[in-house]
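The values are calculated or read from the model by the stated rules, or taken from the named source; none is laboratory data. For clarity, every value in this text was computed on a predicted model and none was experimentally measured. A quick note on method: Cβ atoms are made from the backbone with ideal geometry, for glycine too, and the neighbour counts reach across all protein chains shown. Surface accessibility is based on the protein's heavy atoms, side chains included, excluding ligands, DNA and RNA. Shrake-Rupley method; radii C 1.70, N 1.55, O 1.52, S 1.80 Å.
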Amino acid sequence: MNNTKIDPWNFDSAYPSPDNTHTVTYSDLEEMAIGAPLNGQCFLHFPNGRSIKLGGWCGGPPVWEPDGKRFALPLWKRKIFVGTVQQLAIIDVTSLEMKIYNKIFSVLDVQSFIKNIIKGCNTPLNKCEPVLFDIEKEKVGKIVDLK
């Protein structure tokens with residue numbers, strides 16, 4: 001039995017949905033820098049064998065909503081004048097849409113996704129700043145059609 005805490009520095013390569021119909025997987029996981037959080041390519045797999053690449057610089061771990069229709073995924077981004085930050089993406093497996101929100105984080109540790117609320121922690125190894133992210137109230141920066 002593995003008792004290691006799952007967080008942005010240590011997470012698995014596969015996350016099935018609660019209803020076991022879809023799976024989020026990572027490949028080529030590596031540290032951003034020595035001792036830094038992990039990043040890698042991220043894919044969404046469907047029951048029919050289809051897969052969609054969600055990005056090449058994804059953080060983790062993702063967190064599924066209890067019904068298995070959406071999940072929250074931290075994405076790494078380089079921003080001019082700011083540096084490397086994370087943004088939150090919500091992927092809807094029914095509509096095949098990925099919404100990327102404008103709000104930026106240092107390191108986002110997503111811990112739960114219930115209804116429209118994501119709870120987590122920003123910069124969990126240094127000073128944990130609680131995150132309460134309402135996807136209905138936060139500004140969407142980009143919508144990606146995954147079809």
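Evaluated at q = 0.13, 0.15, 0.17 Å⁻¹, a Debye calculation over the C-alpha positions of the stretch 14-138 (equal weights, vacuum) places log10 I(q)/I(0) at -0.49, -0.66, -0.85.
Taking chymotrypsin sites (Phe, Trp or Tyr not before Pro) across the stretch 62-147, the ones in a DSSP loop with at most 12 further Cβ atoms lying within 10 angstrom of their Cβ are 81. Over 30 Å between Cα atoms: which of 5/147; 53/127; 79/127 fall into that group? Checking Cα-Cα distances, 5/147; 53/127 exceed 30 Å. Taking the solvent-accessible surface of protein heavy atoms with a 1.4 Å probe, what is the per residue accessible area of the stretch 1-116 in Å²? Value for the stretch 1-116: 50 Å² per residue. Per-residue Karplus couplings for the stretch 83-100, computed as 6.51 cos²θ - 1.76 cosθ + 1.60 with θ equal to phi - 60°, are listed in order as x, 8, 9, 10, 10, 9, 10, 10, 10, 9, 6, 7, 8, 6, 10, 10, 9, 10 Hz, Gly and Pro entered as x.
Full extension of the chain between residue 34 and residue 137 yields a length gain of 33.5 nm, computed as 0.36 nm times the residue separation minus the alpha carbon distance. Counting Lys and Arg as +1 and Asp and Glu as -1 over every other residue whose Cβ lies under 10 Å from the Cβ of residue 18, the net charge comes to -2. When each of the peptides 57-63, 135-141 is scored by the mean number of other C-beta atoms lying within 10 Å of its residues, the order from highest to lowest reads 57-63, 135-141.
A cut-off of 5 Å between modelled amide H atoms, ignoring neighbours fewer than 5 places along the same chain, links residue 112 with 119.
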